[in-house]
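Shown below is the structure under consideration.
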Ligand code: SF4
């Protein structure tokens, strides 16, 4: 993809920064919601090249990070069942639960496989009809439709040894919780490109219209993020609050209706606990009754758990943008990517992991 | 983990395509893609699924804007707004 290289062109970056400097007068606190944006910003030193009065803070945009301890505990309980094979995306297995991690369970003999797509998990079930395969469904609106499509395929093909533990979450309720929290004072959102590819821009309109916070949907290359910052700054300087799409090559305003349709067919909204936020109404997705056979929570008894957060970890505040990783006493001392204490240090898109990689002192 | 990667479609077989990115190829599922795709098209791939056909025209336009870097001109309303 040679055009991608051009989205990293240093000369254009310099020119864009110069233009932001030229128009920016007001203090602006911008939140990048998506973990991939956090990485782009860190890797390219975007915080450092912006005027000082523009601050970029990281939000709850890493699905692994917002998955609460009790959900990890449930996954661990499932992994401990004799006849169950767990299939999961890689990040999740290192996230600390109350007592242990999936990775440690694997060391103790649990059958846990890393897969690249939900289809891989279904194929595992089809190849070995004697095993019960449970896929750990995690992710926002970008991932949820992919898992929904696979559950639908499992039903169509009559697979009986496949189920999903749905821990999926939808982003808009978390954004609403953020704009409603007065202590935070966010002046603009850099909205996640690929979540918006699916959901379209409609969900952000309340934020712009009712809360007067501008929203710009951004792509993931350095020039994309900088252009989004520029568009936000321009709105802020002019006292406007609209939804704009910077990432037009990857997002159409009405999103991907086909993906939403399968998501709505297989899942239904449910209240869900987010790390740092607590219970947010209608912010999760559970498997609907017509696909109950594929719902791990209905298929298996999962013992109730008594969740315990890792001691000293301030992930919850970091995910709400209230504190930054260097504010955590464990950051880069006890807590490092090779020995994460909290969830935000696990995934490479976690805020603490990104700060460790790009802002270590 | 919400990373989406642009890949080029090399072959299509039912709901699965073979897509390439700098030399390596991978199976990519087309189940949730709204647009028709043909061999040679680019798609954004997330968790093994194509989620969006990349609009090359839009890509080109964004690049033109970057090249001119006239995008932050406060006086000339650009067409970035969507409503
Ligand atoms: S540095 Fe580690 S312990 Fe501290 S908030 Fe981040 S993940 Fe939690």
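The values are calculated or read from the model by the stated rules, or taken from the named source; none is laboratory data. This one's a predicted model, so the numbers in the text were calculated from it and none came from an experiment. Here the Cβ is made from the backbone with ideal geometry for all residues, glycine too, and neighbour counts use every protein chain on show.
Name the one entry in A:309, A:349, A:265 that is within 16 Å of the ligand (Cβ to nearest atom), within 14 Å of chain B (Cβ to nearest Cβ) and either in a helix (DSSP H, G or I) or buried (at least 16 other Cβ atoms within 10 Å of the Cβ) (or both). Before you say what the answer is, go through the steps one by one.
Values: A:309 fails: within 14 Å of chain B (Cβ to nearest Cβ); A:265 fails: within 16 Å of the ligand (Cβ to nearest atom).
Just one listed residue meets the conditions, A:349.
Test residue A:291 against the stated conditions and say whether it is more than 9 Å from the ligand (Cβ to nearest atom), at pLDDT below 95 and over 25 Å from residue A:99 (Cβ atoms).
Details: more than 9 Å from the ligand (Cβ to nearest atom): yes; at pLDDT below 95: no; over 25 Å from residue A:99 (Cβ atoms): yes.
For residue A:291, the condition - more than 9 Å from the ligand (Cβ to nearest atom), at pLDDT below 95 and over 25 Å from residue A:99 (Cβ atoms) - is not met.
For region A:15-38, how many residues are within 9 Å of another protein chain (Cβ to nearest Cβ) and in contact with a helix residue (DSSP H, G or I) (Cβ under 9 Å, 6 or more places away or on another chain)? So that I can check it myself, show each step before the final result.
We begin by selecting, within region A:15-38, every residue within 9 Å of another protein chain (Cβ to nearest Cβ); these are A:15-16, A:18-20, A:22-23, A:34-36.
Now drop any that are not in contact with a helix residue (DSSP H, G or I) (Cβ under 9 Å, 6 or more places away or on another chain), which leaves A:15-16, A:19-20, A:23, A:34-36.
Of the residues in region A:15-38, 8 are within 9 Å of another protein chain (Cβ to nearest Cβ) and in contact with a helix residue (DSSP H, G or I) (Cβ under 9 Å, 6 or more places away or on another chain).
Can you pull out the helices (runs of 4 or more DSSP H) entirely within region A:101-157 that have at least 1 residues that are within 11 Å of chain B (Cβ to nearest Cβ) and in contact with a helix residue (DSSP H, G or I) (Cβ under 6 Å, 6 or more places away or on another chain)? Spell out how you get there, then give the answer.
Details: elements: A:102-107, A:118-127, A:144-156.
The qualifying helices (runs of 4 or more DSSP H) are A:118-127, A:144-156.
Another question about this same structure. Working only within region A:327-346, note down all residues that are over 17 Å from the mean Cα position of the chain (by Cα) and near the ligand (Cβ under 9 Å from one of its atoms).
From region A:327-346, those over 17 Å from the mean Cα position of the chain (by Cα) are A:327-341; that's our starting set.
Those that are over 17 Å from the mean Cα position of the chain (by Cα) and near the ligand (Cβ under 9 Å from one of its atoms): A:327, A:328, A:329, A:330, A:331, A:332, A:333, A:334, A:335, A:336, A:340, A:341.
Looking at region A:274-292, which of its residues are out of contact with any strand residue (DSSP E or B) (no Cβ under 6 Å at 6 or more places or on another chain) and farther than 23 Å from residue A:314 by Cβ?
Of the residues in region A:274-292, the ones out of contact with any strand residue (DSSP E or B) (no Cβ under 6 Å at 6 or more places or on another chain) are A:275-278, A:289-292.
A:289, A:290, A:291, A:292, listed by residue number.
Tell me, yes or no, whether region A:185-192 has at least one residue that is part of a helix (DSSP H, G or I) and touching a helix residue (DSSP H, G or I) at 6+ places or on another chain (Cβ under 6 Å). Step through it out loud before you land on a result.
At the first step, the residues of region A:185-192 found to be part of a helix (DSSP H, G or I) are none.
No, that holds for no residue.
Say we look at region A:313-326 and pick out the residues that are farther than 22 Å from residue A:280 by Cβ and more than 6 Å from the ligand (Cβ to nearest atom); which of these is surrounded by the fewest Cβ atoms within 10 Å (Cβ to Cβ)?
From region A:313-326, those farther than 22 Å from residue A:280 by Cβ are A:324-326; that's our starting set.
Going one step further and asking which of them are more than 6 Å from the ligand (Cβ to nearest atom), we end up with A:324, A:326.
Values: A:324: 18, A:326: 13.
Result: A:326.
Which residue, of A:239, A:250, A:219, is more than 7 Å from chain B (Cβ to nearest Cβ) and touching a residue at least 12 places away in the same chain (Cβ under 8 Å)?
Details: A:239 fails: touching a residue at least 12 places away in the same chain (Cβ under 8 Å); A:250 fails: more than 7 Å from chain B (Cβ to nearest Cβ).
Just one listed residue meets the conditions, A:219.
So which residues in region A:314-346 are in a loop (DSSP other than H, G, I, E, B) and either out of contact with any helix residue (DSSP H, G or I) (no Cβ under 8 Å at 6 or more places or on another chain) or within 17 Å of residue A:33 (Cα to Cα) (or both), if there are any at all?
First, pick out the residues of region A:314-346 that are in a loop (DSSP other than H, G, I, E, B): A:314, A:320-324, A:328-330, A:332-334, A:337-338, A:340-342, A:346.
Those that are in a loop (DSSP other than H, G, I, E, B) and either out of contact with any helix residue (DSSP H, G or I) (no Cβ under 8 Å at 6 or more places or on another chain) or within 17 Å of residue A:33 (Cα to Cα) (or both): A:320, A:321, A:322, A:323, A:324, A:329, A:330, A:333, A:334, A:338, A:341.
Given the criteria modelled with pLDDT of 95 or more, surrounded by 22 or more Cβ atoms within 10 Å (Cβ to Cβ) and within 22 Å of the chain's Cα centre (by Cα), does residue A:280 qualify?
no
Residue A:160 - would you say it is surrounded by fewer than 17 Cβ atoms within 10 Å (Cβ to Cβ) and in contact with a strand residue (DSSP E or B) (Cβ under 8 Å, 6 or more places away or on another chain)? Working first, answer last.
On the way: surrounded by fewer than 17 Cβ atoms within 10 Å (Cβ to Cβ): yes; in contact with a strand residue (DSSP E or B) (Cβ under 8 Å, 6 or more places away or on another chain): no.
When the stated conditions are applied, residue A:160 does not pass them.
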